[in-house]
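**Q** Next up is a structure, given as structure tokens.
None of the figures in this text is laboratory data; all of them are computed from the coordinates on show. This one's a predicted model, so the numbers in the text were calculated from it and none came from an experiment. Neighbour counts run over all protein chains shown; Cβ positions are idealised from the backbone, glycine included.
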Amino acid sequence: MLKKQRYPFILSGLSDEAGPSIDIQIQAHLELGWKEIEIRSLNGKPLYKIDNSTFKQVKSKLDNADFSITTVASCIGNWERPINMPFEQDLEELKILSERMHQLGTKYVRIMSYPNNGLSEDDWFKYVVERMHVLTEFAYSSNIVLLHENCSGWGGVSPQNTLHLLDIINNSALRLLFDIGNGIAYNYDAYEFLQKVYKYVDHVHVKDGLIQNQEVVYTLPGKGQSKVKKCLQFLLQNGYTGILSIEPHLHLIPHLKKNGKLNDLKESYINYGRHLETLLDTLSPIDGEVKILHE
């Protein structure tokens, strides 16, 4: 039976927040009825670090579940790799991921643009641009696309930095991943940021949170201060028909080294996904249309 819904988005999620094993991650998405999945880590290891034998097993299980791979996450330019870390590890990771992405049938990989670590503003920018040119040229020749997230690094500081980086790199292999919840952690208004960069956004993470006792506390979508519903409505009105991928951060928060309790992860993840579906059904449809997307 067809399910009527008001939105044209396809739903996915960073599945390691449902549990460490690929079996749990697949099961959570099956229970949600989602056929897209976003791969970040498997049993605590990022995708590029798992051995070839394990990767083949993971791919087989994903194929058997008939899942599409939304995108894969990388460690390139993220909070663990500031600008003064050796660049060779990023290139090596991208080479491994590129090969695995082709096997998985996905073209998108998430990156960031290197937190500063003692350099002047000018030098930080200079080295970021040098690295991003090399990365995007490799991506272009490999027929994959880098998705820069509004998170750690020079390009995530502001929409102005994001747009300047895109303009300087000027390569179709560099697009944007917009995370609605990052504004809370990085002290900017996500809705204002989105309005300025949305033309370059190919992928969206749904996360929400609020400031409590001067700390970021993550919440269900629409229950925090990230203007999640306003951002989603904006995306709908401006023709975005891509992926919305949940990143709950209610238990597993990689950059804070919080792993959560195994028993909490899957149930919480599924609950988060269902809350997003409910929130999406409250969006105002465009021209009164109701999309029929899923069986």
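**Q** Below 8 Å between Cα atoms, with a sequence gap of 6+, how large is the relative contact order for segment 3-294 in percent?
**A** 22
**Q** Compute the whole-percent fraction of alpha carbon pairs in segment 159-252 spaced more than 16 Å apart.
**A** Of the Cα pairs, 54 percent sit more than 16 Å apart.
**Q** Moving to a separate point now. Pull out the extension gain between Q57 and W79, defined as 0.36 nm times the separation in residues minus the alpha carbon to alpha carbon distance; nm, one decimal.
**A** Value of the extension gain: 5.0 nm.
**Q** Using a/c under 1.5 as the rounded threshold, could you call segment 1-153 rounded, prolate or oblate? The axes a ≥ b ≥ c are square roots of the C-alpha gyration tensor eigenvalues, and prolate needs a/b larger than b/c, oblate otherwise.
**A** It is prolate, given that a/c is not under 1.5 and a/b is the larger ratio.
**Q** Follow-up. If we count other beta carbons within 10 Å of each Cβ, what is the order of R100, R274, fewest first?
**A** Fewest-to-most Cβ neighbours within 10 Å comes out as R274, R100.
**Q** 222 nm [θ] for the chain, helices only, -39500 (n - 2.57) per DSSP H run of 4+, per residue, to 500?
**A** Rounded to the nearest 500, the figure is -12500 deg cm²/dmol.
**Q** May I ask you to sort I180, I26 by Cβ crowding, counting other Cβ atoms within 10 Å and putting the fewest first?
**A** If I rank by nearby Cβ atoms, fewest first, I get I26, I180.
**Q** Counting only DSSP beta bridges with both residues in the chain, what percent are antiparallel, rounded to the nearest 5?
**A** Looking only at bridges with both residues in the chain, the antiparallel portion is about 30 percent.
**Q** I want to check the label-to-label distance for N238 and S21. Put each point 7 Å from Cα in the C-beta direction and report it in nm to one decimal.
**A** With each label placed 7 Å out from Cα toward Cβ, I get 4.2 nm.
**Q** So if we plug the beta-carbon distance of H164 and L91 into 1/(1 + (r/R0)^6) with R0 = 22 Å, what FRET efficiency do we get, rounded to 0.05?
**A** 0.40
**Q** As I understand it, the dipole of segment 120-203 uses +1 on the Cβ of Lys and Arg and -1 on the Cβ of Asp and Glu, about the Cα centre. Which of A190, F138, V157 lies farthest toward its positive end?
**A** It is F138, whose Cα lies furthest towards the positive end.
**Q** Also: Given Cβ point charges of +1 (Lys, Arg) and -1 (Asp, Glu) and nothing else, what value in debye, to the nearest 20, does the dipole of the chain about its Cα centre take?
**A** 520
**Q** Going by C-beta contacts inside 10 Å, put R175, R131 in order with the fewest on the left.
**A** Listing R175, R131 from fewest to most nearby Cβ atoms yields R175, R131.
**Q** Taking segment 3-294 on its own, what percent of its Cα-Cα pair distances exceed 35 Å?
**A** 13
**Q** What is the gain in length, in nm to one decimal, between R175 and N213 on full extension, counting 0.36 nm per residue of separation less the C-alpha to C-alpha distance?
**A** 10.2 nm
**Q** Let me ask you something else. With springs only between Cα atoms under 10 Å, which of G183, G155, G239 fluctuates most in a Gaussian network model of the chain?
**A** Result: G239 has the largest fluctuation of those listed.
**Q** Using 0.36 nm times the number of residues separating K196 and N271, minus their current alpha carbon distance, what extension gain do you get?
**A** 23.9 nm
**Q** Also, I was wondering about something else. Kindly work out what percent of the DSSP beta bridges joining two residues of segment 56-180 are antiparallel, to the nearest 5.
**A** Roughly 0 percent of the DSSP beta bridges within segment 56-180 come out antiparallel.
**Q** Considering amide H positions built from the backbone, and no H for Pro or chain starts, which residues 5 or more places from G181, or on another chain, come under 5 Å of its amide H?
**A** K207
**Q** Equivalent ellipsoid semi-axes for segment 115-213, as square roots of 5 times the alpha carbon gyration tensor eigenvalues: give them largest first, rounded to whole Å.
**A** Over the Cα atoms of segment 115-213, the ellipsoid semi-axes are 23, 17, 11 Å.
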